[in-house]
Amino acid sequence: MTEILEKYIPQAATAAIFDLIKTHKVHLKIVNERVTRHGDYRKMANGQHQITVNASLNKYRFLITLVHEIAHLEAFMKFGSNIKPHGVEWKRTFQILMLPFLRPEIFPSQLLPLLARHFKNPKASSDTDATLSLALKQFDPENDKNYIFEIPYGAHFRLYNGRVFKRGSQRVKRFECVEISTGKVYLFNPNAEVEFLK
């Protein structure tokens, strides 16, 4: 199992992650990319704890996602299943579980201050923290995607599902964009990845 983990997370984190997986009797599934989520946790009908994580994530995002999902498992076990999935119990559990990994042997020095800030009040997804998401993106393999904030005002872009939008004004943090086929207005995070239609 540690040899498999080393393909997906920083080597210095593998022993501690393996211990967490073993302690919680997690069935870890590494799956093909799902666009809508990086990972998930569910308790199976047979009582087994299953965590799935996208194989396409870079090793730092994979590690954060895996610990995020283990935090769900641990929070539900400690506080019961009636807690909010990303409520205070989960946030506190995630902070505690993540703290031992916030070290320069595991994360590059340029990520550590951003991670420290993020984990003061972790969000439901690291993608909603635009600064951290952009910093993590630099470790992804090259692709032909752009971020919303890079798309010129009035230009068109396409989502992974084929829907086409026109980029509008920025409202505080997010961007108003109009879906071409329906005329409906949607708000996009600045770090949403899209295909720029030139």
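Couple of notes before you dig in:
- For the peptides 53-62, 78-87, the ranking by mean Cβ contacts within 10 Å, running from highest to lowest, is 53-62, 78-87.
- A dipole drawn for the chain from +1 and -1 charges on Cβ atoms has a positive end, and of LEU132, ALA55, ASN121 the residue lying farthest that way is ASN121.
- The stretch 146-197 shape via C-alpha gyration tensor axes, a/c threshold 1.5: oblate
- Using Cβ point charges alone (K and R +1, D and E -1), the dipole size of the chain about the Cα centre works out to roughly 620 debye.
- Structure-derived Cα extents along the principal axes in Å - corresponding label in (1) 52, 37, 31; (2) 49, 41, 34; (3) 47, 39, 28: (1)
- Short-range pairs are left out: with C-alpha atoms under 8 Å and at least six residues apart, the relative contact order of the chain is 14 percent.
- The phi-based Karplus calculation (6.51 cos²θ - 1.76 cosθ + 1.60; θ = phi - 60°) puts the 3J(HN,Hα) values of the stretch 105-113 at 6, 9, 10, x, 4, 6, 8, 4, x Hz, whole numbers, x for Gly and Pro.
- Extended-chain gain in nm, criterion 0.36 nm per residue less alpha-carbon gap, GLU179 and THR128: 16.2 nm
- Helices assigned as whole DSSP H runs in the chain whose Cα atoms extend at least 24 Å along their own long axis and whose mean Kyte-Doolittle hydropathy is -0.5 or higher are found at 59-79.
- Once the C-beta distance of PHE79 and ALA116 is scaled by a Förster radius of 35 Å, the resulting FRET efficiency is 0.90 to the nearest 0.05.
- Across the options TYR186, ASN161, PHE149, the greatest Cα extent toward the positive end of the charge dipole of the chain (unit charges at beta carbon of Lys, Arg, Asp, Glu) belongs to TYR186.
- Rounded to the nearest 20 debye, dipole of the stretch 146-197 from Cβ charges on Lys, Arg, Asp, Glu: 180
- Relative to one another, the C-alpha centroids of the stretch 36-76 and the stretch 136-198 are positioned 27 Å apart.
Just so you know, all these numbers are worked out from the coordinates, no wet-lab data involved. Just so it is clear, the model here is predicted, and its values are computed rather than measured. Here the Cβ is made from the backbone with ideal geometry for all residues, glycine too, and neighbour counts use every protein chain on show.
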